[in-house]
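Step one of this worksheet: look at the structure below.
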Amino acid sequence: MRKIWKNKEPDVNLSQKLASELGIPLLVAQLLVNRRITDVETAEEFLHPKLSNLHPPSEMKGMSDAADRIKRAVSSGEKITIYGDYDVDGITAVSMLMPCLKRLGAEVDYYIPNRLDEGYGLSQDGVAELKNNGCKLMITVDCGINATEAVQAANDAGIDVIITDHHEPGEKLPPALVTLDPKLADCGYPFGNLAGVGVAFKLAQALMGDEEFLWNQLDLVALGTIADVVPLVGENRIIAKYGLAVLNKMERAGIRALCEVSNVKAGGVSGGTVGFRLGPRINAAGRIDTAHSAVRLLTTDSYEEALEIAQKLDAVNKERQDIEKEILIAARRQVQKFDLSQEKGLVLADEGWHPGVVGIVASRIQEQYYRPTIIICLEGDQGRGSARSIPEFDIFAGLKKCSHLLEKFGGHKAAAGLSIAKQNVGKFRKEFSRVVAETLKPDDLKPKVLIDIDAAMSGLTMEVVEQLTLLEPHGLGNPRPMLSLKKLALRGVPRIVGKTGAHLQMTVSDGQNSLKGIAFYKSEMERELYDEDVILDLACRPFVNLWNDRRSVELRVEEMVVHHHDAPDVMAASAEIMALSQIKIVDRRNIPDKRRHLRNILAQGEKLLLYVRDDAAVDQLQQIVSKHAARTKLGLCYHETPAGERDQMKEGLIEGELDAIVSCVPFDMPLPGLGHLVFCHPVSTREHFARCCAPAVEAEKPVRIHLIFNNKDVELLTATLNQQYPDRKTLANIYRKTKELFDGKGGSPVLLEEIAAAMSMDGNKEAIISNGIAVFEEISLIERQEMDGKSAVSLPTAPQEKRDLKESQRYADGDRIKSEWGKFSTFILRKTAADIRKMLLETIP
Ligand SMILES: [Mn+2]
């Protein structure tokens, strides 16, 4: 789906002021302004986060009461239980807070509900279990703010409750002893976006002060904060920044083990690593298995134990990914049956879908189709669903409008959960889609790329790009900067890279500067870049690449728009030159995967002419084509293919009975309607090359001439020519040996295979000897004959006058061709596409 590019257009005056006051590049200042950071002090704090800028925990209402109660429990030896949730936020909160309390001398354990048996959050069942274990004080983390009944049950069981949570409170608060939640209206805390682990950390801070021990727990706080996708601004930014530094030290056994199984190197932990690699593996524990192993992982001192758990989590995560993939495929299949012009909101439902992964699947479907998406797992006559929305649609409000069809629902603008009776799913699908359609404008359903700044390539110096790292870590509320660079040209040949050939590497230029770019998962766009004179607009993120100790600015290309100029060259004078100027050279010399490029060309379904090196290569290519594009109808043209058959092939291609011709000789007759002309291998001379290109010149529309040979093909052609045209020394040896054998047999014919057996030389011996004898035949030194169906030769009995090899046309041709190839091989491999096109212009008659 083509995305809409949305520019933020930062306030230039404000940016300039900020840039000069802070002494930072304008680009960085513009990015700050885009992130609503407009004054010097806030900008300083943002660019250089400091632990000392963390807010005092005492500013949170209830903090000192909570700390007092916990200290009392410690001194009187009351049992404390930390009650957490089974996601990364909850697990890290438990794993962070427990050792802090232990260090204070508390008798403490924890409880995390089982996702599948008990479900989310604080429950009465959980409280009952705590009571049995002798708990006197319960501290919730990342949950509890709406668990009125469970808290009441705890109170009834003689358990005091301290709620620490970051979720939105309901109208009535649970009857806890103390409730810590920055979302409380009267909380008084200056920062409202802490994660659950962040609130728990404030409590730990209140209990412990500014201790080294506490700062070392920031790895877990950052882990939970980033994984919970809270905005990475304010206090969260300080936590993320310092926490990532602790994570990268990898002193915690569990983190080291987790990074080991996730293939993350020391120093390589970024926000993205946490979100996409570490987080999901920790989450896997709660989703499918139990969360306890994850707590154990993050709290053990034994690397061996940690590694064992990490490997288990990794396996569970893979299992989860497999389940997810399966459901995703099934969900996509459902979407494909919809008429998307009608279905503006997607409601997908089926039996047997795993409730633990439908949220992720909903996100993926939402991203792919850019529509609010709800995935429902049906079980019996009930359904449980996960909803994910696009920024343009408030899905919680949308569900509200359909609430008469739902049993339960909850959530916020971007994501929600629901339960529904199976019989209502059909009605709900119609209703929800109608609500979405009523709310949204057509453009709302097109995906957007948010561009920070339309930049100039000249502005992306090493110094500026280096300073962009000051804006890290990125996440919600502080996205990685996205720039647009427009009207760029391609330099050289884009390359398909990566193990599976999924990515595209290219160099782009604004005419003066050029930068290398990598476009992940965009290799299919390669065919749009066939013309070397396309114009590109990029949405990209610049970064400093370190390779072999050399640093360079490069671009990570996220989106690419390709403009073609189709206007004919006005400089061209005659119609003939016009036709020539329309030849497009698609320069893919030394492309790593030739076959893939061939497949791309075949897939376009245009008429093709493919040139290969020799008869054997014609057959090889036929096999490749029939394997990858079985329906392609091929005409095969060999050295000895008679002219009549060639004419038939030509007619066949024009009439559409053939799709392509594979030839090892110049096919120099007009081929109207030809789309592509492909040199799989180089040819030996300039004149030969020009003859091969003749069908392109006479075509009705521009023909693309693809050069897809490589260094090795050039070497092979050298070897082929040496075989086809043996040199003087080789010829002398062949003659001498033949005469020797002939004399030895008393003048009876000698078989070619006898000569071959008697000689040693490199390459295809039989072919070289046969070609050598063809030269001697031309100058009547040797006569060829058939003997029992085999090739044999004899020498004339009459004495011979001395003959010069140059009298043989074949020898003279070979001499000339090899000498021309010596020069032309360098030309065809090294010169630019423009030079090659120019040469064609000059050479084609
Ligand atoms: Mn949370």
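The residue list Ala699, Ala694 contains one member that is part of a helix (DSSP H, G or I), under 29 Å from Thr832 (Cβ atoms) and in contact (Cβ under 8 Å) with a residue 24 or more places away in the chain, which is Ala694.
The residues listed here are Arg115, Arg103; of these, the one that is within 16 Å of the ligand (Cβ to nearest atom) and open to solvent by 10 Å² or more (accessible area, probe 1.4 Å) is Arg115.
The residue pairs whose first member lies in the stretch 143-171 and is within 16 Å of Glu129 (Cα to Cα), whose second member is modelled with pLDDT under 95 and outside any loop (DSSP other than H, G, I, E, B), and whose beta carbons are closer than 6 Å, counting only pairs six or more residues apart or on different chains, are Ala150/Gln124; Ala150/Val127; Ala153/Gln124; Ala153/Val127; Ala154/Val127; Ala157/Lys131. Val662 falls short on exactly one of the conditions (1) out of contact with any Lys or Arg (no Cβ under 9 Å at 6 or more places or on another chain); (2) over 24 Å from Asp815 (Cβ atoms); (3) surrounded by fewer than 23 Cβ atoms within 10 Å (Cβ to Cβ), and that condition is (3). Of the helices (runs of 4 or more DSSP H) lying entirely inside the stretch 129-225, those containing at least 1 residues that are over 19 Å from Ala67 (Cα atoms) and either among the charged types (D, E, K, R) or within 16 Å of the ligand (Cβ to nearest atom) (or both) are 148-156, 212-215.
Checking each residue in the stretch 246-298 for being under 17 Å from Val229 (Cβ atoms) and either open to solvent by 20 Å² or more (accessible area, probe 1.4 Å) or of a type in the set (S, T, N, Q) (or both) picks out Ser270, Gly272, Thr273, Gly275, Phe276, Arg277, Pro280, Arg281, Asn283, Arg287.
Quick grid of which residues meet (1) among the polar types (S, T, N, Q); (2) within 12 Å of Pro726 (Cα to Cα):
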residue: Ala767; (1), (2): no, yes
residue: Glu777; (1), (2): no, no
residue: Glu801; (1), (2): no, no
residue: Ser808; (1), (2): yes, no
residue: Tyr811; (1), (2): no, yes
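Does Ala257 satisfy the condition of being modelled with pLDDT under 90 and not in a loop (DSSP other than H, G, I, E, B)? So Ala257 fails the test. When the stretch 362-393 is filtered for residues that are under 24 Å from the mean Cα position of the chain (by Cα) and open to solvent by 50 Å² or more (accessible area, probe 1.4 Å), the ones remaining, listed by number, are Arg364, Glu367, Gln368, Arg388, Pro391. Within the stretch 34-45, the set of residues being open to solvent by 20 Å² or more (accessible area, probe 1.4 Å) and part of a helix (DSSP H, G or I) comprises Asn34, Val40, Glu41, Thr42, Glu44, Glu45.
Going through (1) within 16 Å of the ligand (Cβ to nearest atom); (2) surrounded by fewer than 17 Cβ atoms within 10 Å (Cβ to Cβ) one by one, Ala93 falls short only on (2). When the stretch 787-803 is limited to residues that are touching a residue at least 24 places away in the same chain (Cβ under 8 Å) and more than 20 Å from Glu766 (Cβ to Cβ), the one that is least open to solvent (accessible area, probe 1.4 Å) turns out to be Arg803. Could you give me the residue pairs with C-beta distances under 9 Å whose first residue belongs to the stretch 125-141 and is of a type in the set (Lys, Arg), whose second residue is open to solvent by 10 Å² or more (accessible area, probe 1.4 Å) and not in a loop (DSSP other than H, G, I, E, B) wherever it lies, and which are 6+ apart or on separate chains? Every condition considered, the pairs that remain are Lys131/Ala153; Lys136/Lys79; Lys136/Asp160. When His354 is tested against (1) in contact with a Ser or Thr (Cβ under 9 Å, 6 or more places away or on another chain); (2) under 28 Å from Tyr86 (Cα atoms); (3) surrounded by fewer than 18 Cβ atoms within 10 Å (Cβ to Cβ), only condition (1) is not met. Of all residues in the stretch 1-45, those satisfying the criterion of being touching a helix residue (DSSP H, G or I) at 6+ places or on another chain (Cβ under 7 Å) and under 30 Å from Glu367 (Cα atoms) are Ile4, Lys8, Pro10, Leu27, Val28, Gln30, Leu31, Leu32, Val33, Ile37.
Just one of (1) without any contact (Cβ under 8 Å) to a residue 60 or more places away in the chain; (2) under 19 Å from Gln205 (Cβ atoms); (3) hydrophobic (A, V, I, L, M, F, W, C) fails for Leu97. It is (1). Starting from residues that are within 22 Å of Asp444 (Cβ to Cβ) and among the basic types (Lys, Arg), keep the ones in the stretch 379-414 and report whichever is modelled with the lowest pLDDT. Once the filter is applied, the top-ranked residue is Lys413.
In the stretch 67-88 there is no residue that is surrounded by 14 or more Cβ atoms within 10 Å (Cβ to Cβ), over 30 Å from Asn132 (Cα atoms), away from the ligand (no atom under 16 Å from the Cβ) and at pLDDT 95 or above. For the structure I just gave you, tell me whether Arg784 is open to solvent by 60 Å² or more (accessible area, probe 1.4 Å) and either within 52 Å of the chain's Cα centre (by Cα) or at pLDDT below 90 (or both). Yes; evaluated as a whole, the condition is true for this residue. Of the helices (runs of 4 or more DSSP H) lying entirely inside the stretch 704-786, the ones with 2 or more residues being closer than 27 Å to Ala798 by Cβ are found at 728-744, 752-758, 765-778. Gly126 fulfils the conditions (1) in a helix (DSSP H, G or I); (2) open to solvent by 50 Å² or more (accessible area, probe 1.4 Å) except for a single criterion, (2).
Among the residues of the stretch 414-438, not one is touching a Phe, Trp or Tyr at 6+ places or on another chain (Cβ under 6 Å) and open to solvent by 40 Å² or more (accessible area, probe 1.4 Å).
Here the condition is being touching a helix residue (DSSP H, G or I) at 6+ places or on another chain (Cβ under 7 Å) and in contact (Cβ under 8 Å) with a residue 60 or more places away in the chain; of Ala204, Ala253, it holds for Ala204 alone. Report yes if some residue within the stretch 268-276 is on the phi < 0 side of the Ramachandran plot and within 16 Å of the ligand (Cβ to nearest atom); otherwise report no. Yes, that holds for at least one residue. Please verify whether the stretch 243-264 includes one or more residues that are closer than 21 Å to Phe276 by Cα and within 16 Å of the ligand (Cβ to nearest atom). Yes, the stretch 243-264 has at least one match. For the stretch 226-236, the tally of residues that are assigned to a helix (DSSP H, G or I), on the phi < 0 side of the Ramachandran plot and away from the ligand (no atom under 16 Å from the Cβ) stands at 0. Residue pairs whose Cβ atoms lie under 9 Å apart, separated by 6 or more positions or on different chains, with the first residue in the stretch 639-654 and under 12 Å from Lys607 (Cα atoms) and in contact (Cβ under 8 Å) with a residue 12 or more places away in the chain and the second assigned to a helix (DSSP H, G or I) and of a type outside the set (Ser, Thr, Tyr), are Lys650/Pro695. Scanning the stretch 481-501 for any residue that is closer than 25 Å to Ala43 by Cβ, open to solvent by 60 Å² or more (accessible area, probe 1.4 Å) and in a loop (DSSP other than H, G, I, E, B) turns up nothing.
The values are calculated or read from the model by the stated rules, or taken from the named source; none is laboratory data. All figures in this text were calculated on a predicted structure; none of them were measured in a lab. Heads up, the Cβs are rebuilt from the backbone with ideal geometry, glycines too, and the neighbour counts pull from every protein chain shown. What goes into the accessible areas is simple: the full protein's heavy atoms, side chains included, and nothing from ligands, DNA or RNA. Shrake-Rupley method; radii C 1.70, N 1.55, O 1.52, S 1.80 Å.
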